[in-house]
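Trainee: Can you keep this structure in mind? I'll have questions shortly.
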Amino acid sequence: MWFDLLNHANTAVKFRSVFNEFPFFNYVQSKALDDVLYTNKNFVACAPTGSGKTVLFELAIIRLLMETSEPWKDVKAVYMAPIKALCSQCFESWNKKFGPLGLTCKELTGDTEIDDFFEIQDSHIILTTPEKWDSMTRKWKDNCLLQLVRLFLIDEVHVVKDATRGATLEVVVSRMKAVHAFRTVQNPEKGLSMRFVAVSATIPNISDVADWLANESGPATFLDMDESHRPVKLRRVVLGFPCSPSQTEFKFDLSLNYKMANIIQTYSDQKPALVFCSTRKGVQQSATVLAKDARFIMSIEHKQRLMKYANSIQDCKLRDLVTLGVGYHHAGIDLSDRKLIEKAFTLGDLPALFTTRTLAMGVNLPAHLVVIKSTMQYVAGSCEEYSEADLLQMIGRAGRPQFDTSATAVIMTKIQNKEKYMKLVNGMEIIESSLHNHLVEHLNAEIVLQTISDVNMALDWIRSTFLYIRALKNPTHYGQSLEHTQIRIELCLRNLNSLSSIGLINMDEDINIKPTEAGKLMARYCVAFDTMKVFSKVAGTENLSDVVGLFCLEEFSNIQLRMNEKRQLNTLNRDKNRITIRFPIEGKIKTNEMKVNCLIQAQLGAISIQEFGLTQDTAKIFRIGMRISKCLSEFLGQSPKTGFSALLNSLILAKCFRAKLWENSPYVSKQLDKIGQTLSTAMVNAGLTTFSKIEQTNPRELELIVNRHPPFGNQIRESVIHLPKYEVTLEQLARYSCATAEIVVKVSLKNQAQLLSKRTAPDHHYVSLIIGNSDNTVVFLQKLTDLVLFKCGSWSKKIEVAKASNGEEISVNLISSEYGKPWKYLCISHRNVSTVVKVVTMQKCNHFCKNKDLCGHDCCEFNQTFSVFMHLCDYFVCSVIEGVFFFSVCQLEHYVSPHPSR
């Protein structure tokens, strides 16, 4: 039995309970046992899906516990997996297994609320994803918790090749290697080494991963097991189907429904089949089509069992399908129905079950046949390929050890992708790094984190990556043709010079490297280097249309223009019979960049987009665009040479992206909670195009307009009342100079008393005060949080304004940031109100006029105490709340009044 293998090491009896679910280790686990449990060497295991690799992690944890004296206060192990569901599975399992031993597990993924190191200080086992651990380790030198990590477990390490997530995984592992090296140098006497244990699906170059995870004593030990050691032999089939360029992903997915009956008949061997679909709706559609097209051979007893299940099912559509031998399972159906379907399928009573991929990550329902219907999925409204980890997890459901000696997995994809997926599922594809595609971005991030502070450290960091291991063996794949000794220098210096060329880092003669503010912004907002190059070329005179035109960026490179979309896009661009985009694009829509521009403007203009594919693309564009637009405004804000026009319009556009409306849109109510496009349109038709009008409207009238019951009107009006309202005043001080003038600008919170009881805006809400002159120069820029204004009531600042060569006018603007849920709150103006305040040139006065009010000399007139005030009318104060606004409705001439009566 398994514990007989452990007894010769005098293993504590209490550790045996961790493995009480099975009496024996399988062949793969037995082969790895000595290296994992009886040594501290770094270890990599390459084995088929379903071969019990998770047990190796549990053995490594036990090894750590055996070496550490109780109560294990300072024991820290990190488990990192590319899928949140894998973290959740291990969290649930390890809580039960290691909890009785006194260990605490904490799940640290995007779905959990733990965001602070202090939340995990008492945890022994931390389960996380590469993206989350990346954000948590950004300041590793400043936090002692990371210094306590003794064991780093990497699940699905082959994901390092993934074009989307691989680079992050690689950088995080390399950073943890840096933590280990730093700790060894700082405290060599303590011997606090960090052990790396990784597992992978079947890949041909597992030795390269072992080289990557090397330590001072050499490469990691590795175990390479092929598919012959899989408990249930798996047959893998990839079927390619034609898809024309004009065919959308949605239509291609629908076409696969009608091929399902033939596939199940061919490969199921009359045993249970599990079909994975990308959406809940797709699950139900596919199940319905199969029920019509296929007839399962079932005995009378079998049919009676199905009728018994059906009589207990609440969902009427599901009930009808179950009687025909077809079921579906997703999070949208009742829990009791799900449990019944799981039971029926597990017992073999349900011949075919359609489900979403989340079932592969959570419920353990193995099947003889697994079919993956299309390799595309819908994420946050947009279409993208399944990750390799997702696909392998779904394929892993094929094979029922208690019933089968063999199983089949079928992947249905486009014919042009067939070869790619054949290599993937057969483990023939050599794992290459994807870091070279994003090396300049990650190098900048490490510089910002101070992991790298000079060129030598940059060279060492490059050497710690999987990219370096593979570039030595396959240099042409990474665009290298140099000798081995030069590859590291070339990879490093080329990217450092690129960062320096546009001011993202500074390098001195002593090869020291420091990040600039622009470089910090690039790292904070995860912006591509090519995008930062575009930002660095902004002239400063750009208007709003020009700034929108800048958004033809690297981040949108996967937004493709399809043939069948051109007609609707051209209609959105120019059409005499309907509302079109605000800034029409010249000519026909014929490039990807023109498509992105058109969709941005259509969404901001609240123009309906009918095509499903375009709706998906728009959601993706705005998800990325909110981040990029904020980076642009902050990038221009920190540059001393930025022109006023470009900065102002970048702030406006950032706000527009958050609100998903133009700054002059009448659909301001769309940003309120519970108000969508339909209700907002009703309010616009009723003339409620500003928040001041909504506030002044009776709640019952509001309910009549939007066809809702009380207290809906009260709720809408309350939301508006408890938004912050601002008042801005300007005062010119008595200072006499021909080159400059002094003004005092004051921002006050007008409804401070109302906000004491309730606030619609969150604590992090702020406004940006920006002042510019007629030379297109930024005179002043300041961010003001509501918390500051709420505590003090007002904020004021004395500003020196230099004389402009092109006029005596200044423009003062206050722009609100996004609210909690940016599409629901009032963030944007309903009028393009332009305010200009004239600043009069100051000159030394040498006159001795007795009546300075009547003499006509400007210098005499201004040689008195005076103020220029801008009082905001009620209409204007409301305009402030609604977002971007300018200071007055008309141009103000200087107004001088030495007497209160005047």
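Trainee: Can you send over the solvent-accessible area of Leu148, 1.4 Å probe, protein chains only, in Å² to the nearest 10?
Mentor: Answer for Leu148: close to 50 Å² accessible.
Trainee: Would you mind computing the Rg to Rh ratio of the stretch 233-426 from its alpha-carbon coordinates, Kirkwood style for Rh? Walk me through the intermediate numbers first.
Mentor: On the way: Rg = 15.9 Å, Rh = 16.8 Å.
Radius of gyration over Kirkwood radius for the stretch 233-426 works out to 0.95.
Trainee: Right, another one. Give the separation of the Cα centroids, the stretch 18-66 to the stretch 305-321, in Å.
Mentor: Between the Cα centres of the stretch 18-66 and the stretch 305-321 lies a distance of 43 Å.
Trainee: Grab the Cα-Cα distance for Met428 and Thr346, subtract it from 0.36 nm times how many residues apart they are, and report the gain in nm with one decimal. Mind dumping the intermediate values first?
Mentor: On the way: separation 82, 0.36 × 82 = 29.52 nm, distance 3.25 nm.
Extra length available between Met428 and Thr346 comes to 26.3 nm.
Trainee: Please give, to one decimal in nm, the separation of the simple spin-label points placed at Glu131 and Thr740, each 7 Å out from Cα toward the Cβ.
Mentor: 4.8
Trainee: Could you give the radius of gyration (one decimal) and Dmax (whole number) of the Cα atoms in the stretch 550-678, in Å?
Mentor: 15.1, 46
Trainee: Given H placed on each backbone N at 1.01 Å, which residues far from Leu223 in sequence or on other chains put an amide H within less than 5 Å of it?
Mentor: Val44, Ala45, Cys46
Trainee: On to the next question. Quick one: Debye curve from the alpha-carbon atoms of the stretch 215-329 only, equal weights, vacuum; give me log10 I(q)/I(0) at q = 0.12, 0.13, 0.17 Å⁻¹ to two decimals.
Mentor: -0.61, -0.68, -0.97
Trainee: Could you look at the stretch 233-426 and say what percent of its accessible area is carbon and sulfur, using a 1.4 Å probe and all protein chains?
Mentor: That share works out to 52 percent.
Trainee: Also, quick follow-up: How much net charge surrounds Gln314 when only the other residues with a Cβ under 9 Å from the Cβ of Gln314 are counted, with Lys and Arg +1 and Asp and Glu -1?
Mentor: On the way: positive: Arg319; negative: Asp315, Asp334, Asp337.
Net of charged neighbours comes to -2.
Trainee: How big, on average over all directions, is the shadow cast by the Cα convex hull of the stretch 726-828, in nm²?
Mentor: Averaging across all directions leaves 7.4 nm² for the Cα convex hull.
Trainee: Please report the projected area of the stretch 387-435's Cα convex hull averaged over all directions, in nm².
Mentor: 4.5
Trainee: What distance in nm separates the two pseudo spin-label positions at Arg463 and Lys514, each 7 Å out from Cα along the beta-carbon direction?
Mentor: Reported label-point gap for Arg463 and Lys514 is 2.7 nm.
Trainee: Quick one: the Cα spread of the stretch 435-525 along its three principal axes, in angstroms, biggest first?
Mentor: On the principal axes, the stretch 435-525 reaches 37, 29, 21 Å in Cα extent.
Trainee: OK, next. Local charge sum around Asn95 (other residues, Cβ-Cβ under 11 Å, Lys/Arg +1, Asp/Glu -1)?
Mentor: +1
Trainee: Next question. Given bins 10 angstrom wide, list per bin the percent of all Cα-Cα distances in the stretch 223-263, short to long.
Mentor: 20, 33, 20, 21, 6
Trainee: Using a probe of 1.4 angstrom, how much of the accessible area of the stretch 435-525 is carbon and sulfur, in percent?
Mentor: Carbon-and-sulfur percentage of accessible area, whole number: 46.
Trainee: Another question, then. Quick check of the Kirkwood formula: for the stretch 742-789, what is the inverse mean of 1/r over all pairs of different Cα atoms, in Å?
Mentor: It is 12.8 Å.
Trainee: If you don't mind, there's one more thing I want to ask. Amide H of Glu385 versus every other amide H placed in the peptide plane: which residues, excluding those fewer than 5 positions away on the same chain, fall under 5 Å?
Mentor: Gln377
Trainee: Moving to a separate point now. I need the calculated FRET efficiency for the pair Met507 and Leu239, taking r as the beta carbon distance and R₀ as 51 Å, to the nearest 0.05.
Mentor: Taking R0 as 51 Å, the efficiency between Met507 and Leu239 is 0.45.
Trainee: Which whole-number percentage describes the relative contact order of the stretch 435-525, with Cα contacts under 8 Å and a sequence gap of 6 or more?
Mentor: Over the stretch 435-525, the number comes to 38 percent.
Trainee: Per the Kirkwood treatment, what hydrodynamic radius in Å, one decimal, follows for the stretch 501-569 from the mean inverse distance over all distinct Cα pairs?
Mentor: Roughly 14.7 Å, rounded to one decimal.
Trainee: Distance between Cα centroids, the stretch 716-765 to the stretch 149-177: provide it in whole Å.
Mentor: With the stretch 716-765 and the stretch 149-177 each reduced to a Cα centre, they are spaced 48 Å.
Trainee: Quick check: net charge around Val684, other residues with Cβ under 11 Å of its Cβ, Lys/Arg +1 and Asp/Glu -1?
Mentor: Working: positive: Lys670, Lys693; negative: none.
My count for the surroundings of Val684 gives +2.
Trainee: Next question. What full-extension length gain, to one decimal in nm, is calculated for Ser796 and Lys537 as 0.36 nm per residue of separation minus the Cα-Cα distance? It would help to have the intermediate numbers written out before the result.
Mentor: Numbers: separation 259, 0.36 × 259 = 93.24 nm, distance 3.40 nm.
Stretched fully, the Ser796-Lys537 segment lengthens by 89.8 nm.
Trainee: If you don't mind, there's one more thing I want to ask. Provide the solvent-accessible area of Asp460, counting protein heavy atoms only and rolling a 1.4 Å probe, rounded to the nearest 10 Å².
Mentor: 80
Trainee: On each of the three principal axes of the Cα atoms of the stretch 198-249, give max minus min coordinate, whole Å, ordered largest first.
Mentor: Taking the Cα atoms of the stretch 198-249, the three principal extents are 56, 30, 14 Å.
Trainee: Ignoring ligands and nucleic acids, what accessible area does Tyr386 show with a 1.4 Å probe (Å², nearest 10)?
Mentor: 10
Trainee: Looking at the stretch 13-229, what % of the alpha carbon pairs are farther apart than 31 Å?
Mentor: Result: 14 percent of Cα pairs exceed 31 Å.
Trainee: Distances over 17 Å make up what percent of all Cα-Cα pairs in the stretch 386-497?
Mentor: Value for the stretch 386-497 (Cα pairs over 17 Å): 65 percent.
The values are calculated or read from the model by the stated rules, or taken from the named source; none is laboratory data. No experiment lies behind these values; they were computed from the predicted model shown. Every residue, glycine among them, receives a Cβ derived from its backbone with ideal geometry; neighbour counts consider all protein chains shown. What goes into the accessible areas is simple: the full protein's heavy atoms, side chains included, and nothing from ligands, DNA or RNA. Shrake-Rupley method; radii C 1.70, N 1.55, O 1.52, S 1.80 Å.
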